[in-house]
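A.B. asks: Take a look at the following structure, please.
The values are calculated or read from the model by the stated rules, or taken from the named source; none is laboratory data. Being a predicted model, the structure only gives us computed values, none of them experimental. All Cβ positions, glycine included, derive from the backbone under ideal geometry; neighbour counts span all protein chains shown.
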């Protein structure tokens, strides 16, 4: 079964509206709906908690035979050519932590390269092909870029910090929960697709998890996910 874990309510509500529900898992902060999406059995896990309710999500997913997890979250751009509503598919994941309260003082950088992880290259290629077919010729076509995502403990929307991340790590976008989700998927032999929807740092005041001002993104992301999962998924095999 495929699990879709989404922290952007405008997107999760659209995905839910396309589903034929079989079972619901209500909750104030974390809820789930299980059913059919374009002929494929999925469970949609919606996270409204701040910070993310990862323990509740793990509990919902662990009780089912999940082979693939699609994690949809907002992120701030590290490179200047990514705009509001564009998307990044993570093909590698790096965490960083800076010592000290300033976050970007002279403290050493702690890198954790997760390029050899549960991030599935076949699934990434599948999403890119779906995107090219789905949005070919559209005037409002968003960008979809495959690249490195940087995960931080608290996220950052500070433009100076984002510029420094670009120089240090060469990433595309910065999020908060990618590393924790990847750890969980790796431990459970679940294939992972990290899809990050870009938001403007000027709109978020240091909170890259917000869905403020996503404009056309909810409809476009929903289309991309629905058409992607209609394609048969690979089997999870880990060395």
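A.B. asks: Modelled with pLDDT under 85 and either closer than 24 Å to residue 132 by Cα or not in a loop (DSSP other than H, G, I, E, B) (or both), is that true of residue 213?
C.D. replies: no
A.B. asks: Just to verify a result, which residue in the range 1-39, among those that are surrounded by fewer than 13 Cβ atoms within 10 Å (Cβ to Cβ) and more than 17 Å from residue 63 (Cβ to Cβ), is modelled with the lowest pLDDT?
C.D. replies: 28
A.B. asks: Something else about it: Consider residue 112 carefully, then state whether it is more than 23 Å from residue 221 (Cβ to Cβ), surrounded by fewer than 18 Cβ atoms within 10 Å (Cβ to Cβ) and either in contact with a strand residue (DSSP E or B) (Cβ under 9 Å, 6 or more places away or on another chain) or modelled with pLDDT of 85 or more (or both).
C.D. replies: Yes: the conditions hold for residue 112.
A.B. asks: Which of the residues that make up the range 56-109 are at pLDDT 85 or above and at positive phi?
C.D. replies: Answer for the range 56-109, where residues must be at pLDDT 85 or above and at positive phi: just 85.
A.B. asks: Among the residues of the range 139-166 satisfying the criterion of being within 17 Å of residue 85 (Cα to Cα), at pLDDT 80 or above and in contact with a helix residue (DSSP H, G or I) (Cβ under 9 Å, 6 or more places away or on another chain), which is surrounded by the fewest Cβ atoms within 10 Å (Cβ to Cβ)?
C.D. replies: Among those residues, the one meeting the criterion is 141.
A.B. asks: Also: Determine whether the range 40-50 contains at least one residue that is modelled with pLDDT of 90 or more, surrounded by 17 or more Cβ atoms within 10 Å (Cβ to Cβ), touching a strand residue (DSSP E or B) at 6+ places or on another chain (Cβ under 8 Å) and under 22 Å from residue 85 (Cβ atoms).
C.D. replies: Looking through the range 40-50, at least one residue is modelled with pLDDT of 90 or more, surrounded by 17 or more Cβ atoms within 10 Å (Cβ to Cβ), touching a strand residue (DSSP E or B) at 6+ places or on another chain (Cβ under 8 Å) and under 22 Å from residue 85 (Cβ atoms).
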